[in-house]
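First up is the structure itself, then whatever we jot down about it.
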Amino acid sequence: MNIFIKVTASVAILAGLSTAAVAQEIVLRSSDTHPDGYPTVEAVKYMGQLLSERSGGRIVIEVYHSSQLGQETDTIEQTRFGVIDLNRVSLGPFNNLVAESKVPSLPYIFRSIEHMRTVMDGDIGEDILAAFEPYDLVGLAFYDAGARSFYTSTTPIRSIEDMAGQKFRVQQSDLFVDMVNALGADAVPMPYGEVYSAIQTGVIDGAENNPPSYLSSAHAEVAKYYTLDEHLIVPEILVMARSTWDRLSAEDQELVRQAAKDSVSHQRELWDAAVTDALEAVAAMGSEIIEIEKQPFIDAMDSVYERYVDTPELQDLVARIKAVQ
Ligand code: GTR
């Protein structure tokens with residue numbers, strides 16, 4: 001966090017003020033893998049506007065989009081060390097670190113986007129945010145990332161049998177590796193920024209993501225078959241470095257928390273429009289959007305639940321999520 005004194009010392013002395021009494025500006029650096037204009041990037045900018053207004057210009061957020069600060073797993077480490085103040089990341093790359101992050105990352109755990117929103121907005125969401133504290137992170141809010149589906153470059157997936165032998169990139173999460181393997185395919189964990197060329201050169205056959213990411217990453221240029229199996233509805237999370245948080249006053253912490261919460265509905269509006277626009281755009285670029293029978297995909301996931309829902313606490317979280325109407 002850069003806290004610098006806006007009014008120079010000499011001006012303050014002339015005005016008869018001690019420098020300590022002069023208002024300080026707090027600049028929070030925020031990371032996002034997505035390009036400018038993407039709903040998550042715009043939502044954190046909007047949060048920054050709210051914070052700036054509410055603090056009389058004292059607290060500002062600088063959003064570094066397009067992976068300027070690094071790929072997600074690296075930026076998570078940097079945020080834990082306090083080098084990056086704020087980070088908007090998928091829950092997926094936290095799966096190997098924060099046990100609770102695995103639960104909303106389970107395939108087909110949510111019945112619908114609405115179910116996900118109700119769960120993440122309630123007590124369960126608060127409990128999952130709190131689970132980041134022991135890892136030097138403060139969970140502030142969840143954003144939408146819609147549903148992720150598989151896409152391929154050469155062999156379209158029209159039934160679960162078409163998964164066999166295909167290599168799919170997944171986020172760096174053991175849970176997602178086992179999810180893809182349980183579907184009869186081969187998983188290759190790799191950073192998001194390497195996926196385009198890996199598909200293009202045939203190192204992998206495809207990947208999986210939501211429609212806005214499939215479009216903005218240009219993966220739609222090299223993998224034209226998009227199969228709506230919707231295996232994951234993994235929310236995004238906005239986290240703050242614990243060390244940055246601890247340097248804020250209690251009042252400023254409250255301003256940050258509230259501005260983050262208040263940016264959620266804005267992000268969801270942008271998100272819903274982005275999904276519709278992306279599906280139209282990729283179809284216009286020549287992608288085939290394939291409807292598929294989801295039940296065989298759902299049935300194949302039992303082993304993943306057995307392996308990753310491995311403590312009474314996680315079993316309880318799964319049961320609570322299922323009970324939410
Ligand atoms: C996107 C998500 C990113 C990143 C990416 C990926 O949907 O918004 O934060 O995790 O997926 O697959 O790496």
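The values are calculated or read from the model by the stated rules, or taken from the named source; none is laboratory data. Remember, it's a predicted structure, so these values are computed and weren't measured experimentally. All Cβ positions, even for glycine, are placed from backbone atoms using ideal geometry, and neighbour counts span all protein chains on display.
Every test in (1) over 17 Å from Y38 (Cα atoms); (2) crowded, with 23+ Cβ neighbours inside 10 Å; (3) within 14 Å of the ligand (Cβ to nearest atom) is passed by D74 save one, and that test is (2).
Of all residues in the stretch 59-82 being touching a residue at least 40 places away in the same chain (Cβ under 8 Å) and part of a loop (DSSP other than H, G, I, E, B), which is farthest from S31 (Cα to Cα)? It comes out as F81.
Can G125 be described as away from the ligand (no atom under 14 Å from the Cβ), free of Cβ contacts under 8 Å to residues at least 24 places away in the same chain and in contact with a helix residue (DSSP H, G or I) (Cβ under 8 Å, 6 or more places away or on another chain)? Against the criterion (away from the ligand (no atom under 14 Å from the Cβ), free of Cβ contacts under 8 Å to residues at least 24 places away in the same chain and in contact with a helix residue (DSSP H, G or I) (Cβ under 8 Å, 6 or more places away or on another chain)), G125 qualifies.
Take the residues in the stretch 84-97 that are touching a residue at least 40 places away in the same chain (Cβ under 8 Å) and among the aliphatic types (A, V, I, L, M); name whichever of them is nearest to the ligand (Cβ to nearest atom). Looking at the filtered set, the residue picked out is V89.
Let's see how each residue does on (1) in contact with a Leu (Cβ under 6 Å, 6 or more places away or on another chain); (2) closer than 28 Å to T75 by Cα; (3) basic (K, R); (4) touching a residue at least 12 places away in the same chain (Cβ under 8 Å):
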position	(1), (2), (3), (4)
S105	yes, yes, no, yes
R111	no, no, yes, no
H115	no, no, no, yes
A130	no, yes, no, no
D136	no, yes, no, yes
Y151	no, yes, no, yes
T155	no, no, no, yes
L175	no, yes, no, yes
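Only one entry in D123, D186 is under 25 Å from Q267 (Cβ atoms) and modelled with pLDDT of 95 or more, namely D123. Those helices (runs of 4 or more DSSP H) of the stretch 198-257 in which at least 1 residues are more than 13 Å from the ligand (Cβ to nearest atom) and in contact with a strand residue (DSSP E or B) (Cβ under 9 Å, 6 or more places away or on another chain), considering only elements entirely within it, cover 219-222, 242-247.
Does the stretch 53-79 hold any residues that are under 14 Å from L137 (Cα atoms) and in contact with a Leu (Cβ under 6 Å, 6 or more places away or on another chain), and which are they? Of everything in the stretch 53-79, just one residue is under 14 Å from L137 (Cα atoms) and in contact with a Leu (Cβ under 6 Å, 6 or more places away or on another chain), namely T75.
With the requirement that a residue be assigned to a loop (DSSP other than H, G, I, E, B) and surrounded by 13 or more Cβ atoms within 10 Å (Cβ to Cβ), what does the stretch 282-325 give you? Listed by number, the residues that qualify are S287, I292, K294, A300, M301, V309, V324. In the stretch 28-39, the residues that are in the same structural domain as A259 (by TED's automatic domain parsing) form Cβ pairs under 8 Å with partners that are within 11 Å of the ligand (Cβ to nearest atom) and among the charged types (D, E, K, R), at six or more places apart or across chains, as follows: S30/R88; S31/R88; D32/R88; T33/E72; Y38/D32; P39/D144. Exactly one residue out of Y108, Y151, Y143 is at pLDDT 95 or above, hydroxyl-bearing (S, T, Y) and under 20 Å from V195 (Cβ atoms): that is Y151.
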